[in-house]
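Visitor: Sharing a structure here in structure tokens format.
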Amino acid sequence: MKRALFVALVLLLGTRVQATQEFSPEPILTTTAENWERVELLEDKSSFFAKEPFWKDSRRQLPDIKAGFAGEAEPSSARFLLHCAKGWDRTDDKLPPILLVHGAVVDATKSWGKDGFLGRGGAGLAARLSQVGRRVFAITFAHPHGDNWMQAEQVANAIARIKTLTGAPQVDLLAHSKGGIAARLYCSSLRKPGMTPFRGDVRKLALVGVPNDGIDVAFAYPNLNYWVIMQNANAALCWTEALVYGVWTDLRERSLYDATEGGGAFAGQAQMLKRWDTVYGLYESDEQFDTVTTYNGGKGKVSNSLGIDHAIKEGGDLIAKLNKAGVDKRVAVALLAGSKTAIMGFCGERRGPSDGLLLVRSALATDGITKAGARVFRRDVLKLSHVELVYAEPALRWIEETLGP
Amino acid sequence: MKRAFIIICALALPAVADEVKKAATSESSGPSDFSRARYLGADATPTRAGALEGGATSIAFSPDGALLAQAAPTGAVSVARIADSDESTGLWHRTGEHLGAASGVAFLPRKELTLVSVGDDETIRTATLDASLATVTSASRQLGLGPLTALAVLDASHVAVGSCRGQIAIVKLEDAITVEKTFERHEGAIAALVALDKNRIASAGWDGCVKISDLGGREIKSAKVSPVELTTLAVTPDGKSLAAGSWKKGVTLLDASSLKTLATLETHRGCASAVLLVGPAKASLAQCRLVSASLSDETLFASDVLGSKNELGRTRRTRIKTVPSGGLAVSPDLALIACATNDGAISLYKLEGK
């Protein structure tokens with residue numbers, strides 16, 4: 001979906017609109033996979049959805065995910081996968097079924113399956129929750145950096161499908177990182193025309209490492225751009241051009257700016273941005289070049305950036321809107337943050353307590369969640385990195401307890 | 001971020017190249033009179049908490065200075081004989097394991113060698129070791145305060161423990177582990193705890209406050225020291241002064257009774273992640289040296305004795321291999337500084353000068 005289309009749409013705060021009528025809660029394809037008893041390909045034919053552009057390293061390449069999307073590596077955002085873990089159809093579970101919502105870059109298998117995150121994930125959260133008797137489902141969005149409005153609507157559709165499959169009136173939602181923005185959106189009064197209003201069908205919402213008050217790490221650490229380039233990482237750049245191997249190189253296609261700036265492949269990333277320099281400043285280091293121009297925009301010694309304000313505007317300042325709307329008062333919310341800066345072999349965000357990517361203050365921010373009366377019943381910090389929050393034993397235990405009775 | 005990236009990526013335009021080369025090869029200012037005495041490799045034995053990375057969260061010398069204990073993000077609590085270490089691995093003796101990051105470790109001042117540790121698993125653990133560093137007895141108790149973040153030894157059988165929910169517990173460690181008192185103290189996590197004397201503790205919180213409490217839970221004094229989260233807290237040997245570090249630049253020296261700010265000293269380009277006030281028994285602030293480590297500028301820093309004007313004097317600085325994660329300790333004879341880094345190793349540096 002071109003961001004320009006969204007800009008033209010009016011946000012209807014608090015207005016009751018019709019649910020997406022075109023969602024068919026019957027799969028168009030069903031596959032199996034090592035981690036999942038059943039994987040359903042579901043589709044919503046509403047014109048609300050569109051096919052989003054993919055950066056080449058963002059394509060859905062994991063075999064079971066690609067197979068689930070009927071062989072498509074660049075599926076339309078009208079489609080999503082619903083993964084059903086072993087025991088999803090059990091009848092002895094009196095608690096609501098659980099829907100796991102993954103973050104950026106990854107998918108349900110990498111996040112919650114066995115040996116996720118380069119083999120570090122152990123048995124995985126899905127198996128863990130299944131073993132303790134819960135009915136577990138997980139969503140894989142079509143796009144790993146996709147538009148959060150469309151992903152919120154797919155969360156609503158996934159819940160509808162789970163209710164059909166299990167007969168349960170409610171689910172528990174567990175979301176990591178970017179996935180929490182889509183989950184929060186559904187549980188709020190914030191929506192665009194054609195989106196499903198919150199139906200009261202979420203009992204608990206556990207937000208793990210979610211940028212509840214936004215994130216600016218991509219702009220605060222200019223060298224992160226070089227790291228992404230060198231690693232061919234599936235991540236967005238905030239530079240539009242840079243000196244790469246001595247040559248000024250056009251980077252707009254993999255930037256988080258919108259299509260009018262030559263980007264568009266990381267729409268959901270721009271929607272999570274918020275300035276944190278007013279609290280923690282910018283990271284000062286002899287090894288970081290173009291710190292000010294990267295953050296505020298402009299041409300520096302080795303790069304050119306449009307700046308964070310430009311990107312926030314293109315993302316519709318979604319974090320501010322989410323925080324104004326709050327989470328529906330029928331939902332009980334729990335927040336978990338990580339506080340270890342060591343992540344994937346390097347030291348990440350270090351202007352304040354962080355999980356290496358996300359500041360703890362953002363992950364634990366409650367003001368924007370409680371605005372509409374939602375209760376935050378648990379709020380904890382574990383000494384884990386952003387990715388360890390998905391699979392490390394203390395995080396799994398926290399999740400299991402939090403989603404308990 | 002690895003320095004190599006920017007060199008490889010950017011090195012091209014002559015004007016930029018000069019700056020890049022300069023940044024890449026620069027060492028911090030000041031004389032390099034920190035010499036590394038020992039290098040202790042990581043305790044690489046797997047734990048049940050999963051494949052977790054990062055360096056020790058807390059380190060402590062034994063009262064006789066012969067041993068070093070570390071609490072690791074893997075949950076491991078281990079002890080090494082300092083004399084055994086020489087760029088080797090496998091010297092760590094595992095004394096216990098938390099099911100989540102271990103966040104604090106200390107030796108109890110007892111005749112028998114006893115370690116106490118706390119962790120993300122909300123648990124306090126004790127282990128008594130024999131001469132071979134094997135665990136003879138151990139005990140543990142879940143405190144129900146949420147993940148535990150800080151630990152301070154009060155005497156041979158009492159410790160204070162802080163949690164990520166801002167609570168403090170006074171815990172008695174004898175045959176059984178007993179919680180004597182629990183009280184709410186900070187908004188958000190307790191970053192550090194120190195004992196001022198037999199009856200009072202000081203705590204540093206993520207609310208930017210330093211607070212003085214008695215062991216009955218009464219708040220005696222509170223001061224907002226930083227607009228952002230505090231990282232560390234140190235006390236002088238006489239218990240009359242404190243040093244607090246935060247995620248902002250500067251170490252704040254405080255009077256431990258009034259919590260009045262005595263001075264703010266800039267020891268790093270960014271935050272001070274760990275701070276020590278190093279001086280002989282009963283030393284006052286004026287008789288102490290300030291030692292700090294920073295994960296912002298990746299340096300270890302030491303001042304001269306602060307003197308009555310609280311001045312840093314001649315400073316010493318060395319670049320640390322990776323990034324200190326908060327673990328810093330001084331040996332009982334004040335000759336060695338132990339510093340943990342994010343690669344899981346611990347290095348011992350000679351604290352030379354006055």
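Since every read-out is calculated from the coordinates, none of them should be taken as a lab result. Quantities reported herein were computed from a predicted structural model and do not represent experimental measurements. When we count neighbours, we look across all protein chains shown, and the Cβ atoms used for this are built from the backbone with ideal geometry, even at glycine.
Visitor: Please give the calculated 222 nm ellipticity per residue for chain A, where each DSSP H segment of at least 4 residues contributes -39500 (n - 2.57) and the sum is spread over every residue; nearest 500 deg cm²/dmol?
Guide: Details: 18 runs with 119 residues, N = 405.
Helix-only estimate at 222 nm: -7000 deg cm²/dmol.
Visitor: So, one more: If one takes the longest principal axis of the Cα atoms in chain A, at what angle in degrees, from 0 to 90 and to the nearest 10, does the Cα axis of helix A:393-402 lie?
Guide: Between the helix axis and the principal axis of chain A, the angle is about 50 degrees.
Visitor: Taking each residue of A:224-231 in turn, how many C-beta atoms of other protein chains fall within 10 Å of its C-beta, and what is the average? Display every interim value, and only then the final one.
Guide: Numbers: counts 2, 3, 9, 5, 1, 2, 6, 1.
Shielding by partners across A:224-231 averages 4.
Visitor: Something else about it: Running a GNM on chain A with Cα contacts under 10 Å, which residue among A:153, A:241, A:34 ends up with the highest mean-square fluctuation?
Guide: Judging by the Gaussian network model, the answer is A:34.
Visitor: Averaged over its residues, how many other protein chain Cβ atoms are within 10 Å of peptide B:117-129's Cβ atoms?
Guide: Average neighbour count from other chains, rounded to a whole number: 2.
Visitor: Next question. If I take R0 = 30 Å and measure r between the Cβ atoms of residue A:26 and residue A:73 in this structure, what FRET efficiency does the formula 1/(1 + (r/R0)^6) give, to the nearest 0.05?
Guide: Working: r = 24 Å, r/R0 = 0.81.
E between residue A:26 and residue A:73, to the nearest 0.05, is 0.80.
Visitor: Continuing with this model, one more query. How many nm is it between the label spots at residue B:45 and residue B:308, if each spot is 7 Å from the Cα in line with the beta carbon?
Guide: Inter-label distance under the simple model: 5.4 nm.
Visitor: Can you return the aspartates and glutamates within cross-link range of residue A:163? Criterion is Cα-Cα under 13 Å, with same-chain partners fewer than 8 residues away left out.
Guide: A:26, A:89, A:172, A:201
Visitor: What FRET efficiency, computed as 1/(1 + (r/R0)^6) with R0 = 56 Å and r the Cβ-Cβ distance, is obtained for residue B:352 and residue A:320, rounded to the nearest 0.05? Please list the in-between numbers first.
Guide: On the way: r = 53 Å, r/R0 = 0.95.
With R0 = 56 Å, the Cβ-Cβ based efficiency is 0.60.
Visitor: Fewest to most neighbouring Cβ within 10 Å: what's the order for A:351, B:314?
Guide: In increasing order of surrounding Cβ atoms, one gets B:314, A:351.
Visitor: To continue, here is another question. Compute the whole-percent fraction of alpha carbon pairs in the range B:33-350 spaced more than 32 Å apart.
Guide: Looking at the range B:33-350, the distances longer than 32 Å represent 19 percent of pairs.
Visitor: Provide B:333, A:216, A:93 in ascending order of the number of other Cβ atoms located within 10 Å of each residue's Cβ, fewest first. Don't skip to the end; give the middle numbers.
Guide: On the way: B:333 11, A:216 25, A:93 19.
Lowest count first: B:333, A:93, A:216.
Visitor: Report the equivalent ellipsoid semi-axes for the range B:241-354 in whole Å, largest first, defined as the square roots of five times the eigenvalues of the gyration tensor built from alpha carbon atoms. Display every interim value, and only then the final one.
Guide: Numbers: eigenvalues 92, 53, 28 Å².
Rounded to whole Å, the semi-axes are 21, 16, 12.
Visitor: While we're looking at this one, here's another question. Can you give the mean number of other chain Cβ atoms that lie within 10 Å of the Cβ atoms in peptide A:335-342? Mind dumping the intermediate values first?
Guide: Values: counts 0, 1, 2, 0, 10, 9, 7, 13.
Counting Cβ atoms of other protein chains within 10 Å of each residue's Cβ and averaging gives 5.
Visitor: Between A:127, A:285, A:82, whose Cα lies farthest towards the positive end of the dipole of the protein assembly as shown when Lys and Arg beta carbons carry +1 and Asp and Glu beta carbons carry -1, centred on the Cα centre?
Guide: A:82
Visitor: If packing is taken as the average number of other Cβ atoms within 10 Å across a peptide's residues, how do B:205-217, A:376-388 rank, most packed first? Kindly include the intermediate steps, with their values, before the conclusion.
Guide: Details: B:205-217: 20.7, A:376-388: 24.5.
Highest-to-lowest ranking by the protection proxy: A:376-388, B:205-217.
Visitor: Also, I was wondering about something else. What are the principal axis extents of the Cα atoms in chain A, in Å, biggest first?
Guide: Cα extents, longest axis first: 63, 43, 42 Å.
Visitor: Under unit Cβ charges (Lys, Arg +1; Asp, Glu -1), what dipole magnitude, rounded to 20 debye, does the protein assembly as shown have relative to its Cα centre?
Guide: Working: 88 positive and 82 negative charges, 260 e Å.
It works out to roughly 1240 debye.
Visitor: Give me A:55, A:112 ranked fewest to most by other Cβ atoms within 10 Å of their Cβ, as a rough exposure proxy. Provide the component values of the computation, followed by the final result.
Guide: Numbers: A:55 19, A:112 30.
Least to most surrounded, the residues fall as A:55, A:112.
Visitor: Here's another thing I want to ask about it. Which value, in Å to one decimal place, does the Kirkwood hydrodynamic radius take for the protein assembly as shown when every pair of different Cα atoms is included?
Guide: For the protein assembly as shown, the Kirkwood estimate is 26.8 Å.
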